[in-house]
Amino acid sequence: MKDSSKKIYISGEALVPILMKIPYQIIGVELGVSQGNTTCYLASKLSNLKKLYAIDPWCQYKDGVGKLGGFTERIAQENYEITIKNINKLSDIDKSKIEIVKRTSLESFTFFPERSIDFIYIDADHSYHSVLLDLESWYPKIKKNGLIFGHDINVTSVRMAIIDFLSDQKIDFNKLHILKNYAWVFRKEEYKC
C-alpha cells in the first residue's frame, strides 16, 4: 500500500506568495515541467492566474549537468503521462488555466510577442549554455516589471548563467533574490519612484 502522506516536492512553491500580490490576471510560462507538480500547484493556488503555458518537450535529452543527468525516452514519456494525470486531478477552473506546449524552450519562445508575459519560471536543462539561452530568449517576452523566476541556483552552471546574464544586461546583482528550495527571482525593471 502506498503512503499517501508522502509530501510531493514543489520546486516553485516560493513563487506563490510573490505572484499572489499582483492585483490583476497574470500570464506565465514554465520551462521544464517534468511531472507537472509546480504547474498544478501554481494553477490551484493562484486565483489571479489567467494562463500558464507549461513548456517541455518530454523527450530524451542529456542535461549538460552530470549529476542531473537528463531523461531517457521512456522516462520522458512517463513524466508526460504523470503530468497529464496530475492536471486531470485539478478542478475544471484550474485545468483551464494550463496550456501544455510539447516543444523545447527555443522552439516555443517565437510564439510569444514581446512584453506579453508577466512571469517565467525556468527549470529546464541546467547546462550553462541552455540556462543562458533561456534567459536571453525569453527576457524580451517579459512585461515591464515582470518577474523572472528559476530553480536550482545551487547548481554552479545555473548560477554562473544567471550572473553572466545579469552582468550582460547591466542588472544590479542586488536585484537577484534567493527563495525557498533554491528558487531565485529578479524583476525585469523596477518601478521608478
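Ile98's amide H: which non-local residues (gap 5+, or another chain) put their own amide H closer than 5 Å, with H modeled 1.01 Å from N in plane and none for Pro or chain starts?
Leu52
Can you work out the FRET efficiency for the pair Arg103 and Lys51, with r the C-beta to C-beta distance and R0 = 22 Å, to the nearest 0.05?
Details: r = 16 Å, r/R0 = 0.74.
Plugging the Cβ-Cβ distance into 1/(1 + (r/R0)^6) gives 0.85.
Here are a few candidate values for Rg and Dmax of the Cα atoms in Å: (1) 16.6, 52; (2) 19.9, 85; (3) 16.1, 58. Which one was actually calculated from the structure I just gave you?
For Rg and Dmax of the Cα atoms in Å, the calculated option is (3).
Quick one: Thr110, Thr39, Thr83, Thr156, fewest Cβ neighbours within 10 Å first, how do they rank? Before the final figure, lay out each step's value.
Details: Thr110 9, Thr39 27, Thr83 23, Thr156 12.
Taking fewest neighbouring Cβ atoms as first place, the list is Thr110, Thr156, Thr83, Thr39.
For the modelled label position 7 Å from the Cα of Lys170 along Cα-to-Cβ, which residues of segment 136-157 have backbone nitrogen atoms closer than 14 Å?
none
Want the number for Ile22 to Lys144: 0.36 nm per residue separation, take away the alpha-carbon distance, what's left? Show your work: numbers first, answer last.
On the way: separation 122, 0.36 × 122 = 43.92 nm, distance 1.33 nm.
Separation in residues times 0.36 nm, less the Cα-Cα distance, equals 42.6 nm.
Suppose only helical runs count, i.e. DSSP H with n ≥ 4. What mean residue ellipticity at 222 nm does that imply for the chain under -39500 (n - 2.57) per run, divided by all residues and rounded to the nearest 500 deg cm²/dmol? Don't jump to the answer; show the numbers that get you there.
Details: 7 runs with 62 residues, N = 193.
Computed ellipticity for the chain at 222 nm equals -9000 deg cm²/dmol.
With +1 on each Lys and Arg Cβ and -1 on each Asp and Glu Cβ, and nothing else charged, work out how big the dipole of the chain is about its Cα centre, in Debye to the nearest 20. Mind dumping the intermediate values first?
Details: 27 positive and 24 negative charges, 122 e Å.
Once rounded to the nearest 20, the dipole reads 580 debye.
May I ask you to evaluate 6.51 cos²θ - 1.76 cosθ + 1.60, the Karplus curve with θ = phi - 60°, for each residue of segment 106-116 and list the ³J(HN,Hα) values in order in whole Hz, giving x for glycine and proline?
6, 6, 8, 5, 5, 7, 10, x, 4, 6, 10
Straight-line reach only, C-alpha to C-alpha below 15 angstrom: list the aspartates and glutamates that Lys175 could link to, leaving out same-chain residues fewer than 8 apart.
Asp164, Glu189, Glu190
Each label point is 7 Å from the Cα along the Cα-to-Cβ direction; what then is the distance between the points at His129 and Asn154, in nm?
It is 2.7 nm.
Computed from the coordinates by the stated procedures, all read-outs in this text should not be read as laboratory data. Just so we're clear, the structure is a prediction, and the values are computed from it rather than from any experiment. Glycine also receives a Cβ, built like all others from the backbone with ideal geometry; neighbour counts cover every protein chain displayed.
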